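Presented below is the structure to which this report refers.
The values are calculated or read from the model by the stated rules, or taken from the named source; none is laboratory data. Predicted model only: the values in this text are computed from it and were never measured. Note that each Cβ is placed from the backbone with ideal geometry, even for glycine, and that neighbours are counted across all protein chains shown.
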Amino acid sequence: MLLGRAFETAGRTTLSPWLCGGFSGMALAASRVGRLIGLELDAELDAVDAVLPIVLRTPRGYELLTGVCGIGLYLVERLPRPYTTHLLARVTQYLRESSERSRVGRFWPAGDGARRNHYRLGMAHGAAGVVAFLATFIHVGRRDAAAVELLDEAVRGLLAHRSSSVADPSCFPDIVQPGRYGRGNRLTWCWGDLGIALALAAAGRATANAEWTGVAVVVAEEAASFRPNVKLACLCHGTAGIAHQFRRMFDLTARDAFREAALYWYERTLDLCDQGTDVAVPARTVGTSLVLSGAIGVGLALLAAVSAHEPMWDFMLLGDVSP
Ligand SMILES: [Zn+2]
């Protein structure tokens, strides 16, 4: 009933097509819930699918949250319907067209016009989102040759920016542009090393590339020993998200360092929740995205910590790297 009301409301509202705050994200979440409780949603989801060829005719932006990668992730959810193959081919074509290629790999410039002179590396808005999307497409769908080639170039482009200095505050910068090398952050999903580690782990799993998985483990291990005072609990860049990402790295590797880090950050999440909802998830961020920045995401991460069920929801964040 609540899902039906959500689709009714969406039908009366002007929504963007994106994964974050748009109808692709809503449809992906509904599809996952439908599968979980055995609810038939084909009519509603077919109506969403019918709009996507128009959106993909002139797409804007490659990124996961507000770009083509997020729409592609929803299409992966809709495999193996016949039209998804054609639309996913359009997604990979756009990813190729919107990128630059050099001898070290492929890069996605951000910005518009003269300001199109920088590169973002994180999961939410950068190259790691492309890597994780392509890896998921290959892992869940089929070994699409164009996606495999693009993934190889995207991973090489991402690894080309890996820091070689122990003085840097993170393994990867968040932004690279002439005259500026972003500081990055070890622990965030959106812009930081943990999101990049998950993307590399997904790439390693999809292509059975032990070297990429090895880099993912090293990057996540460096983050595991880092214990700053994080003041938010959200999935995107807060304690619950950090805990859940270490839990996923533990699922993949069974390493004690990831289990201990996950437990530490779950405890910090409970500490923040004890101080009140306004502290853990300030009201100004709740409205922007209930899952990424709000209390619902914190609840999902805590439920996943104590449940024997596979957390199906983190497919939306490209966070599922379990074997
Ligand atoms: Zn964030």
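So, of the residues in the stretch 103-120 that are over 24 Å from residue 54 (Cα atoms) and touching a Gly at 6+ places or on another chain (Cβ under 8 Å), which turns out to be farthest from the ligand (Cβ to nearest atom)?
104
Could you say which residue among 106, 101, 116 is in contact with a Pro (Cβ under 6 Å, 6 or more places away or on another chain), of a type in the set (D, E, K, R) and farther than 21 Å from residue 220 by Cβ? Explain how you work it out, then say what you get.
On the way: 106 fails: in contact with a Pro (Cβ under 6 Å, 6 or more places away or on another chain); 101 fails: in contact with a Pro (Cβ under 6 Å, 6 or more places away or on another chain).
Only one candidate passes the filter, namely 116.
Residues being buried (at least 16 other Cβ atoms within 10 Å of the Cβ) and away from the ligand (no atom under 16 Å from the Cβ): count how many of those fall in the stretch 128-145.
Quick first cut of the stretch 128-145, residues buried (at least 16 other Cβ atoms within 10 Å of the Cβ) only: 128-139, 141, 144.
Subsequent filtering for residues that are away from the ligand (no atom under 16 Å from the Cβ) retains 130-131, 133-139, 141, 144.
Residues meeting the conditions: 11.
Looking at residue 157, is it within 16 Å of the ligand (Cβ to nearest atom) and either in contact with a Ser or Thr (Cβ under 6 Å, 6 or more places away or on another chain) or of a type in the set (Gly, Ala, Ser) (or both)?
Details: within 16 Å of the ligand (Cβ to nearest atom): no; either in contact with a Ser or Thr (Cβ under 6 Å, 6 or more places away or on another chain) or of a type in the set (Gly, Ala, Ser) (or both): yes.
It is false that residue 157 is within 16 Å of the ligand (Cβ to nearest atom) and either in contact with a Ser or Thr (Cβ under 6 Å, 6 or more places away or on another chain) or of a type in the set (Gly, Ala, Ser) (or both).
Within the stretch 152-193, count every residue that is of a type in the set (Ser, Thr, Tyr), surrounded by 16 or more Cβ atoms within 10 Å (Cβ to Cβ) and over 20 Å from the mean Cα position of the chain (by Cα). Don't jump to the end; show me each part of the working.
Of all residues in the stretch 152-193, those of a type in the set (Ser, Thr, Tyr) come to 163-165, 170, 181, 188.
Okay, now just the ones that are also surrounded by 16 or more Cβ atoms within 10 Å (Cβ to Cβ), so 170, 188.
After this cut, where a residue has to be over 20 Å from the mean Cα position of the chain (by Cα) as well, the list is none.
Going through the stretch 152-193 one residue at a time, the tally reaches 0.
Would the stretch 169-192 turn up any residue that is touching a residue at least 12 places away in the same chain (Cβ under 8 Å), in a helix (DSSP H, G or I) and not aromatic (Phe, Trp, Tyr)?
No, every residue in the stretch 169-192 fails to be touching a residue at least 12 places away in the same chain (Cβ under 8 Å), in a helix (DSSP H, G or I) and not aromatic (Phe, Trp, Tyr).
Can you tell me which residue within the stretch 288-308, out of those that are more than 16 Å from the ligand (Cβ to nearest atom) and free of Cβ contacts under 8 Å to residues at least 40 places away in the same chain, is nearest to residue 22 (Cα to Cα)? Please lay out each step first, then the result.
Step one: list which residues in the stretch 288-308 are more than 16 Å from the ligand (Cβ to nearest atom), which gives 299, 302-308.
Adding the requirement that they be free of Cβ contacts under 8 Å to residues at least 40 places away in the same chain leaves 299, 303, 306-308.
Details: 299: 22, 303: 25, 306: 30, 307: 29, 308: 31 Å.
Applying the filter and picking the extreme gives 299.
Condition test on residue 163, is it in contact with a helix residue (DSSP H, G or I) (Cβ under 9 Å, 6 or more places away or on another chain), part of a loop (DSSP other than H, G, I, E, B) and small (Gly, Ala, Ser)? Lay out the reasoning, then the answer.
On the way: in contact with a helix residue (DSSP H, G or I) (Cβ under 9 Å, 6 or more places away or on another chain): no; part of a loop (DSSP other than H, G, I, E, B): yes; small (Gly, Ala, Ser): yes.
It is false that residue 163 is in contact with a helix residue (DSSP H, G or I) (Cβ under 9 Å, 6 or more places away or on another chain), part of a loop (DSSP other than H, G, I, E, B) and small (Gly, Ala, Ser).
Filter the stretch 212-236 for residues that are outside any helix (DSSP H, G or I) and surrounded by fewer than 24 Cβ atoms within 10 Å (Cβ to Cβ); which is nearest to the ligand (Cβ to nearest atom)? Quick ask: steps written out before the conclusion?
First, pick out the residues of the stretch 212-236 that are outside any helix (DSSP H, G or I): 225-236.
Filter again for surrounded by fewer than 24 Cβ atoms within 10 Å (Cβ to Cβ), leaving 225-232.
Working: 225: 21, 226: 17, 227: 19, 228: 15, 229: 17, 230: 11, 231: 13, 232: 9 Å.
Looking at the filtered set, the residue picked out is 232.
Mind checking which helices (runs of 4 or more DSSP H) fall wholly inside the stretch 1-106 and carry at least 1 residues that are of a type in the set (Gly, Ala, Ser) and at pLDDT 90 or above?
Numbers: elements: 2-11, 23-37, 42-55, 68-78, 82-97.
Fully inside the stretch 1-106 and qualifying: 23-37, 42-55, 68-78, 82-97.
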